[in-house]
Amino acid sequence: MTQLPTQNTVKTSAQSAPEQVIFYHSPFSRSGGVLWLLEELGVDYQTRLVDFRTTGTAPESYRQIQPHKKVPAIQHRGVIVTERAAICTYLADAFPAAGLAPALDNPARGPYLSALVYCDSVVDPCIAARYLGFEYQASGVSFGGFEDMVQNLERQLTRQPYLAGEQFTAADTQLGSGLLWTIQMKMFPDKPVFQDYLARLSERPAFKRWQELDNSPAASAFSEAVLQNA
Ligand SMILES: N[C@@H](CCC(=O)N[C@@H](CS)C(=O)NCC(=O)O)C(=O)O
């Protein structure tokens, strides 16, 4: 487990061993699911906190890491990876010992990739569009309608314990972290099937470590400093 640093530490050069994963993160944001995944994988990583709340945007230097200055991003073996679905695919494949990604020749690989990408390409934009009050035709946008998305997740999680099937995979860190947050914020229906899913996930030691890290004094101090400066 890596302790969260207490201040914004955006550094654009690789200043760690090449095998160590550098993780660009902001507590209580979309990067939380990747923090959870890193804990599941048990890899050596170093967290660099990115402050986008004080001024409403991250420091300009961070654009060298993430073109939209958003979190998360990672750096590994000198290579930068951005976008959550890509980061999770990369990490779960790069560290296969944890068994969080079905191998290329495993028939479960297809459902797993579909589930992982669905979180970013359908679930997240559907929730954001609903939250922001967008009115649109479901057939006119790539992510479709909110109710279809909720019904699909409900069907999937009724017939199987995890998003991609019988096994917990990296896809669950993405759906689980998103549902945890959006159900709490009343942006997502609080149905028993989703509560049961979250109850299963929250039993995992890595889930608990993620929660401890993001609620640690260092994370709170960072968030407080950011809010005071806002
Ligand atoms: N497409 C990105 C989006 C990530 C994202 O929306 N990150 C938010 C965190 S909640 C962010 O960094 N917002 C800061 C900003 O836009 O200035 C991904 O999936 O990795």
Subject >> Helix 109-118 axis, angle to the chain major axis (alpha carbon atoms, nearest 10°) >> reply: 70 degrees
**OP:** Per DSSP H run of at least 4 residues, take -39500 (n - 2.57); add these up for the chain, divide by its residues and hand me the 222 nm value, nearest 500 deg cm²/dmol.
**Re:** -13500 deg cm²/dmol
**OP:** Using the Karplus curve 6.51 cos²θ - 1.76 cosθ + 1.60 with θ = phi - 60°, work out ³J(HN,Hα) for each residue of the range 125-130 in order, rounded to whole Hz, and write x for Gly and Pro.
**Re:** x, 4, 5, 4, 5, 5
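By DSSP, what percent of the beta bridges with both residues in the chain are antiparallel, rounded to the nearest 5?
Working: 8 of 13 bridges.
Here the antiparallel bridges make up roughly 60 percent for the chain.
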Subject >> Mean Cβ count within 10 Å, highest first, over the residues of peptides 196-202, 127-133 >> reply: 196-202, 127-133
Original post:
Using a Gaussian network for the chain with springs between C-alpha atoms less than 10 Å apart, which of these wobbles most: His25, His76, His68?
Top reply: His68
**OP:** Return a whole-number percent for the relative contact order of the range 44-178, with Cα pairs under 8 Å and 6 or more residues apart as the contact set.
**Re:** 18 percent
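Counting GluC sites (Glu not before Pro) as exposed when in a DSSP loop with at most 14 other beta carbons within 10 Å, what is the longest stretch of the chain free of them? Write down the numbers at each step before the final one.
Details: sites that count: Glu19, Glu135, Glu166, Glu203.
It works out to 20-134.
Determine the relative contact order of the chain: mean sequence separation of Cα pairs under 8 Å and six or more apart, normalised by residue count, in whole percent. Don't jump to the answer; show the numbers that get you there.
On the way: 321 pairs, mean separation 56.9, N = 230.
Once normalised by length, the contact order is 25 percent.
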**OP:** Could you tell me which of rounded, prolate or oblate describes the range 123-230, using a ≥ b ≥ c as the square roots of the eigenvalues of the alpha-carbon gyration tensor, with rounded for a/c under 1.5 and, failing that, prolate when a/b is larger than b/c and oblate otherwise?
**Re:** oblate
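Values quoted throughout were computed directly from the atomic coordinates according to the rules given, and no laboratory measurement underlies them. Note that the structure is a prediction, hence the values are computed from the model and not measured. Backbone-built Cβ (ideal geometry, glycine too); neighbour counts: all protein chains shown.
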